[in-house]
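The structure appears right after this line, and notes come after that.
The values are calculated or read from the model by the stated rules, or taken from the named source; none is laboratory data. Since we're looking at a predicted model, the values are computed, not measured. No Cβ is skipped: glycine too gets one built from the backbone with ideal geometry, and neighbour counts run over all protein chains shown. Just so you know, the surface numbers come from the protein's heavy atoms only, side chains and all, with ligands and any DNA or RNA stripped out. Shrake-Rupley method; radii C 1.70, N 1.55, O 1.52, S 1.80 Å.
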Amino acid sequence: MKRVASLIRKELLQLKRDVRMRAMVLVAPVMQVLVLGYAADMDVRNVPTAVYDQDRSSDSRAVAEAFRASGAFVLAEECSSWSDVDDALLSGRAEIVVAIPPGFSRDLRSRASPQLGLVVDGSRSNTAAVALAYATGIASSFGARLQPTAAPRGPSVDARIRVWYNPELRSRLFMVPGIFALLAMVFTIILTALAVVKEKEAGTLEQLMASPLRRGELVAGKLAPFLLVSTVTLTLALVAVRVFFGIAPRGSLGLLALLSVLFSVSTLGIGLFVSTLARTQQQAMLFSIFFFMFPMMILSGFVFPIENMPAAIRAVTYFMPLRYYLRIVRSLFLKGSGLAVLWPEALALAGLAALYVSVAVARFRKRM
Amino acid sequence: MSGSGDGPAILAEGLVKRFGVFTAVDGVSFEVPPGRIFGLLGANGAGKSTAIRMLCGLLAPDGGRARVAGIDVARDPEGVKSRIGYMSQKFSLYGDLTPRENAEFFSSLYDAGGGGRGDPIARAFERTGLSGGAGRPEGVLTRDLSAGYRQRLALACAILHRPRVLFLDEPTAGVDPVARRRFWDLIYGFAEEGAAVLVTTHYLDEAEYCSEVTLMRDGRIVAAGKPGDLKRACFPGIVLEIECGSTGPALEALRREPWVEEAAVFGSRIHAALAPGFGSDRVSSLLAASGAGEAKIRETDPTLEDAFLKIVSSTGAASLGGAGSGPTGGGAR
């Protein structure tokens, strides 16, 4: 225990002396939350929109006005031919074009179904999908407003959608907790991997191995300081999220802390594992980024829903601590869930933490 | 702690280590009694460090047996670790800690605090000449200190727990001659107190300081013995140092004679080893006849380097394999 304590003390002393490292630990989390928090906003606002009005009626102008008034779209230009439409999309001046065919007003008034063309720039599929949904909504509500007396179409399902937890469906509320989780992952993996490989490079690791220090003590002495550092980092990030975005977890802070520790131990284990593969700090960086952080970012449901992935890839995601932690963080931030709901994730995290740390320790023994 | 009794402090028997298809150490045996300085010599890649790592319990041997301080290394590597001092190739200390912080850290790893014999750090610093005098300010980080200072600090950290067996792997690499000389004085001190010291080096002049030397080449031992014995075995006759006007013809003439066992250029001079019973008069008449000009001839002591050059060339080695010169090229001989 005394040896572990002096290892921790040594590690913190080195961290304290390393100006760049200190800056990274203290400044980076706040910066990351800020930059990513503002940027990771997938809400559709101010989409440049072109209108190709072939009807030129008061109704067609009302359609254009409805789009503008929604706030999601900005009228960028008026097209007077299909080649104009093509040009507007190609040049990027517009991302969506509302084409109103001749006879729109007539069809509308005569209760025939009027047609409205929506041309979307599919090269920005994210925006396109959301913009299209918005636009469809506007178009249909426009129709409903003008046709309140439309003939009954037989029995219909009256679907009323209520969104809970994030009533405005603000993507920031969804993304910011995710960024918080990413931050936890990046810091723990990289700091541990680098700290061990640095000692390997300097030859001090060999000196440690030649001492009576036991492997368990060495591993504990390497993991504990970075658990401490990641706790500080996450606390700072939590404050930044609160101050800048007014987002605070609705669930218990204690539970968040507990599960964050579990998550951190699993990613620290990954960092330690990386350190047994790499000989240099550059290698350690590349290994962590390409084999662990990048796949986890993409496959853990941070951006793409896991349900959409093919079964083989979904199987891989079960081994990613980030998958569970993301769910935990989002639930705690948005829903305020408790352990009664989150216990499967907590259990999975505990399992993965044990798995990764023991794999790393086993590899550690073989390497020396 | 003298439980090892009267046996050798270090015993290697047929040690083998393979890395894939490459055999780094191939059946190496030797023993070092307490109080002796044992020099393990050879070029980089000859297997010296691998042998040391096996003896320190850092690498498991693929064959053979090793006992250090009376403990079987394969059976109880951790037991060995607490009884030895190990100084690895690069004076591996934490550059971003001060000397005292380094010493405190390593002291805590070895539980060297107790014992009631005063502060082990003060004692180790005293032993290695680090305390007081030099007037090193406390706050200086280890990486900002000279190589010679760091070398002695690494040694201090290796002796905090008063080990009876010391392994020093290339302890003098990159250190200036004065500091090297001073370092060897420290090593003598430990040996006089009864510690067994195993040193690797590729400076052959340093090997002369050892009580016994072993030359390794491609993982095998090619020569072993006391430096004096080795030299006498290699050069039963006298060795001459010859300085003359034109070295080339003189060398050719010498090499033609069957009673000249070895003739080699050393700087601007020639070293010639003669068969027993031959003297310098034969050489001066030979050189006078060969037209090599005025020659100054004097008898000299063969160096270990002479001996190893002869051993290496007679073991059928095409190249000298850099016996005596490191890959760093910094070999100040």
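A P(r) calculated from all alpha carbon pairs of segment A:200-245, with 5 Å bins opening at zero, reads 5, 17, 16, 16, 12, 9, 9, 7, 6, 3, 0 percent. A 1.4 Å probe run over segment A:47-146, with the rest of the protein chains in place, finds 52 Å² accessible per residue. Based on Cα contacts under 8 Å between residues 6+ apart, chain B shows a relative contact order of 20 percent.
Solvent-accessible area assigned to carbon and sulfur over chain B amounts to 49 percent, based on a 1.4 Å probe. Each label was represented as a point 7 Å from its Cα along the Cα-to-Cβ direction; for residue A:358 and residue A:133 these points are 4.3 nm apart. Straight-distance candidates among the lysines for linking to residue A:200, with alpha-carbon spacing under 28 Å and chain neighbours fewer than 8 residues away dropped: A:2, A:10, A:16, A:222, A:366, B:17, B:48, B:81, B:90. Projecting the Cα atoms of B:228, B:246, B:285 onto the dipole axis of segment B:218-311, where Lys and Arg carry +1 and Asp and Glu carry -1 at the beta carbon, places B:228 farthest toward the positive end.
Ordered from longest to shortest, the equivalent ellipsoid semi-axes for the protein assembly as shown are 78, 32, 21 Å, each the square root of 5 times a Cα gyration tensor eigenvalue.
Ligands, DNA and RNA left out, the accessible area of segment A:47-146 computed with a 1.4 Å probe is 52% carbon and sulfur. In this simple spin-label approximation, residue A:248 and residue A:46 carry label points 7 Å from Cα along the Cα→Cβ vector, and these lie 3.0 nm apart. Calculated translational diffusion coefficient of chain A (4 °C, 1.567 mPa s; Stokes-Einstein with Kirkwood radius over alpha-carbon pairs) equals 54 µm²/s. In chain A, the calculated helix contribution to ellipticity at 222 nm averages -21500 deg cm²/dmol per residue, counting -39,500 (n - 2.57) for every DSSP H run with n ≥ 4.
Distant-in-sequence amide contacts of residue B:43, defined by a placed amide H-H separation under 5 Å and a gap of 5 or more residues or a different chain, comprise B:324.
In chain B, the sites counted are GluC sites (Glu not before Pro) in DSSP loop states with at most 12 other Cβ atoms within 10 Å, and the longest stretch holding none of them, exclusive of the sites, is B:1-137. Counting only residues at least eight positions apart within a chain, or on another chain, the aspartates and glutamates with an alpha carbon under 14 Å from that of residue A:198 are A:11, A:18, A:206, B:96.
Ranking A:67, A:94, A:49 by how far each Cα lies toward the positive end of the dipole of segment A:47-146 (charges on Cβ) leaves A:67 at the top.
Scattering from segment B:131-288 was approximated by placing one identical point on each alpha carbon and applying the Debye formula without solvent; log10 I(q)/I(0) at 0.13 1/Å stands at -0.80.
Suppose we keep just the DSSP beta bridges with both residues in the protein assembly as shown; what percent of those would be antiparallel, to 5?
60
For segment A:47-146, the Kirkwood hydrodynamic radius comes to 13.4 Å, computed from all pairs of different C-alpha atoms. As an equivalent ellipsoid, segment B:236-301 spans semi-axes of 16, 12, 11 angstrom, where each value is the square root of five times an eigenvalue of the C-alpha gyration tensor, largest first. Treating r as the C-beta distance of residue B:131 and residue B:313 and R0 as 35 Å, the FRET efficiency rounds to 0.15. Chains A and B together bury some 2300 Å² of accessible area, summed over both sides, with a 1.4 Å probe. With a 10 Å cut-off around each Cβ of B:93-99, the average count of Cβ atoms from other chains is 4.
Extension gain for residue B:100-residue B:256 works out to 50.0 nm (0.36 nm per residue, less the C-alpha to C-alpha distance). The base-10 log of I(q)/I(0) for segment B:2-230, evaluated at q = 0.08 Å⁻¹, reads -0.28 [Debye formula, identical scatterers on Cα atoms, solvent excluded]. Normalised per residue, the accessible area of chain B is 43 Å², obtained with a 1.4 Å probe and no contribution from ligands, DNA or RNA.
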